[in-house]
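Reviewing the structure listed below.
The values are calculated or read from the model by the stated rules, or taken from the named source; none is laboratory data. Everything numeric here is computed off the predicted structure, so don't read it as measured data. Positions of Cβ are backbone-derived with ideal geometry, glycine not excepted, and every protein chain shown enters the neighbour counts. What goes into the accessible areas is simple: the full protein's heavy atoms, side chains included, and nothing from ligands, DNA or RNA. Shrake-Rupley method; radii C 1.70, N 1.55, O 1.52, S 1.80 Å.
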Amino acid sequence: MPITDWPLAERPREKLLARGAGALSDAELLAIFLRTGVAGKTAVDVARDLLVEYGGLRALLGAERARLCAAPGLGDAKYAQLMAALEIGQRFLGEVLARGTALESSRDTRDYLMARLRDLDREVFCALFLDTRHRVLVFEELSSGTLNGTAVYAREVVRRALKHNAAAVIFAHNHPSGVAEPSRADEVLTARLKEALALVDVRVLDHVVVGDGEIVSFCERGLL
């Protein structure tokens, strides 16, 4: 049965307009992008098949272009639409922490860092440099490493903090393994950076570790 023959309350687009995007399943959201199905299948059916094949929305959006475009119901145009939607979401989160924005919500900060770091296949160490009122000065990638490590030098971090005239900083790095639990090396590095930055009156507000769908705060763990 085509979607146009479904009850209005069950059609993805009408459901979104009436109840908001949060009321839709992953398959229903994807079906709105697909717009049409294939022979014998609605857009929702095609969306469900794709989610099953890839194991979820995250893996689907991270799939290689050639493979995704070859899937029934997809192609270059729809692939472009999906990638554009993904980029819009990331840029939206980025604007939340745009230059000059005061950090008033730890959740906004975490959502942004999660979006930036979760899907990377290498370990990346980053910093949010802040002014005296905890407004964002800049987000910077300080070091990029391998699957399970990256080199971070206190001298370089201090240099970057001074360049931006920062008064405070929030560090973040990802664990490509998906496990957000801080290692002993993470703790040692954080202590070393905190000590070095204290010499130039820059406070370390937090260090967060991003895993697969989870994030661990040093501040909340009492590790700062």
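In table form, for the structure just shown:
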quantity	calculated
Solvent exposure of the chain as accessible area per residue, Å², 1.4 Å probe	57
Trypsin sites (Lys or Arg not before Pro), loop per DSSP, at most 11 other Cβ atoms within 10 Å - longest free stretch of the chain	1-98
Region 1-143, relative contact order in percent, only Cα pairs under 8 angstrom and at least six apart counted	13
Relative contact order %, region 151-224, counting alpha carbon pairs below 8 Å whose residues are six or more apart	39
Identified option (computed Kirkwood radius over Cα pairs in Å; candidates (1) 19.8; (2) 18.7; (3) 17.8)	(1)
Reachable lysines from residue 78, criterion Cα separation under 29 angstrom, eight or more residues apart if same chain	15, 41
Estimated [θ] at 222 nm from DSSP helical runs (n ≥ 4, -39500 (n - 2.57)) normalised by residues in the chain, nearest 500	-13500 deg cm²/dmol
Charge tally in the Cβ shell below 10 Å around residue 41, where Lys, Arg are +1 and Asp, Glu are -1, residue 41 excluded	-1
Between 0 and 90°, nearest 10: helix 154-163 axis offset from the chain longest Cα axis	80
Solvent-accessible surface (1.4 angstrom probe) belonging to residue 134, in square angstrom, nearest 10	60
Exposed GluC sites (Glu not before Pro) absent: longest stretch of the chain, with sites in DSSP loops and at most 10 other Cβ within 10 Å deemed exposed	105-224
